[in-house]
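Data first, discussion second: the structure below is written as structure tokens.
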Amino acid sequence: MSSSAVSVRYAHPQAVLWVVCLIGLIAVAGIALPYPILAPLFAATALNDFNHWLGIAPEILLGIALAANPLGMLFGSATLGALSDHYGRRRVLALSLALAVAGYLGSAWALSAEWYPGFVLFRFLTGLCEGSVSICRAIAADLHPQIERTVAISWMNSALYAAWLVGPLVGGLTMHLGAHVPFLIAAAAMLPCLLMLYFLLPPDLAPQQHQPFWQQLRQHNSLGLVRLPLLRWVVAAQLLYTIGLNAFYEYYPLWLVEQQQFTGLQIGLITAVLCAVMTTVSAVGMARLGNRLPALRSAKIAAVSVALMLFLLPFTSGQLAWLWLVLCGVPNAMFSAWFQVYCTEHFGELGLGRVMGLLTLLMCTGNVIIALAGGVIALFGASWILWTGSVFIALAGLMLVREQRRAAGMA
């Protein structure tokens, strides 16, 4: 039995929840932090060793730089959560945060030195350590029954939604001080998290199974859960849903430009409102009402609602398009909370860190898939990407129907 399998009672559970929400916010904000920073650097007319490294086209270098962080997060999600089940939440989370600080500082230094390979390497390292989001989610689930599980997971999700607004905001408002400054701010924000982590989380117990580290990593990573028949429909639902959802997230700005003639400022405003709506629904609505309904059935209804709303979105225009797009965030926030609650309640014996790592891993995989395929689909028009996303989310709802039948059969 792993060290984290022992029931943990936290002296200050509410403070612990706030800290892991803050860590999750900073980690996910790190993905979006460079969006307003890197584009001007690579689009600059003056070529240098950074934006024209080895004579490679700036557009390709930009794509690699943007992909390095989420690629690292994909690998980190597959391992860190599972390792925290064995070695302890505080130990693994503290190490990953310390390395994330080093990654942010290294990224800032590489930008200042205009060393492109170093920047990509440090962004990958930072993403690898930001896979600790799965540990934060596991800690939020660990707080039950001191804090009701739906409440803790809803607050965790609200922090992650807010991160997609905070990251570009910090990057855009501080980049005039130097492209490296936002990364220094992110590193500084991690330091108090490390301090609070030390005082609020109880010390980890010693692992009862003394396996070599690499053997433990190979046998108990989150990727191994994909092969379990028990999780077949859950894995399919999460992957299909995240492919569809990322089709929406990544390409609704293109649809707004093509079909609604939105400006960059308007897209920024509607994105801010969308993030605010999802954050509010998760932190307020789901935290108060989410535990009153059965998780799996509610997640299925929410998925179907997202699919229907996304399918109808291309048929809207004008102010209705603003309103309809923002309202798409409501059932999405509901789905995320209910689906994660169901997974922790029914598969927690596999290791909460490992299960949460699996969900994050599948989210990153879905992001990569639609990023590669979306460019091809966009040749037919941005509306087709939104309809494609709708189909994938509807298929995710079908997978949840299969999971509901499997659970009923087991019962």
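Quick notes on this structure:
- Any hit, the range 339-354, residues being among the polar types (S, T, N, Q) and without any contact (Cβ under 8 Å) to a residue 12 or more places away in the chain: no
- Among the residues of the range 98-118, those identified as surrounded by 22 or more Cβ atoms within 10 Å (Cβ to Cβ) and either in contact with a Leu (Cβ under 6 Å, 6 or more places away or on another chain) or not in a helix (DSSP H, G or I) (or both) are G103, A108.
- Unique match (being of a type in the set (A, V, I, L, M, F, W, C) and under 24 Å from L231 (Cβ atoms)) among I385, I370, I377: I370
- In summary, G329 fulfils each of the numbered conditions (1) within 20 Å of Q259 (Cβ to Cβ); (2) surrounded by fewer than 23 Cβ atoms within 10 Å (Cβ to Cβ); (3) of a type outside the set (A, V, I, L, M) with the single exception of condition (2).
- Only one of the listed residues (G351, G357, G318) is out of contact with any His (no Cβ under 8 Å at 6 or more places or on another chain) and closer than 29 Å to G81 by Cβ. That residue is G357.
- Restricting the range 192-202 to residues that are open to solvent by 10 Å² or more (accessible area, probe 1.4 Å) and part of a helix (DSSP H, G or I), the residue that is nearest to A138 (Cα to Cα): L200
- Cβ-Cβ under 8 Å pairs, at least 6 apart or on other chains, the range 397-409 side at pLDDT below 90, far side in a helix (DSSP H, G or I) and of a type outside the set (A, V, I, L, M, F, W, C): A407/H346
- Exactly one residue out of A100, A67 is within 14 Å of R123 (Cα to Cα), modelled with pLDDT of 85 or more and under 19 Å from the mean Cα position of the chain (by Cα), and it is A100.
- L173 falls short on exactly one of the conditions (1) of a type outside the set (K, R); (2) open to solvent by 40 Å² or more (accessible area, probe 1.4 Å); (3) touching a residue at least 60 places away in the same chain (Cβ under 8 Å), and that condition is (3).
- Taken as a whole, the structure places Q261 among residues that are more than 18 Å from the chain's Cα centre (by Cα) and either of a type outside the set (A, V, I, L, M) or surrounded by 16 or more Cβ atoms within 10 Å (Cβ to Cβ) (or both).
- Residue within the range 170-191 that is closer than 19 Å to R89 by Cα and assigned to a helix (DSSP H, G or I) present: yes
- Test: residue in the range 294-312 that is aliphatic (A, V, I, L, M), surrounded by 19 or more Cβ atoms within 10 Å (Cβ to Cβ), modelled with pLDDT of 95 or more and over 20 Å from V234 (Cβ atoms): yes
- Considering residues of the range 268-291 that are closer than 19 Å to L400 by Cβ and modelled with pLDDT under 80 only, the residue surrounded by the most Cβ atoms within 10 Å (Cβ to Cβ): G290
- Qualifying position, being β-branched (V, I, T) and surrounded by fewer than 21 Cβ atoms within 10 Å (Cβ to Cβ), among I153, I139, I147, I135: I147
The values are calculated or read from the model by the stated rules, or taken from the named source; none is laboratory data. Please read all numbers here as calculations on a predicted model, not as lab measurements. Ideal geometry is used to build each Cβ from the backbone, glycine not excepted, and the neighbour counts take in all protein chains shown. Calculation scope for accessible area: heavy atoms of the full protein, side chains included, ligands and nucleic acids excluded. Shrake-Rupley method; radii C 1.70, N 1.55, O 1.52, S 1.80 Å.
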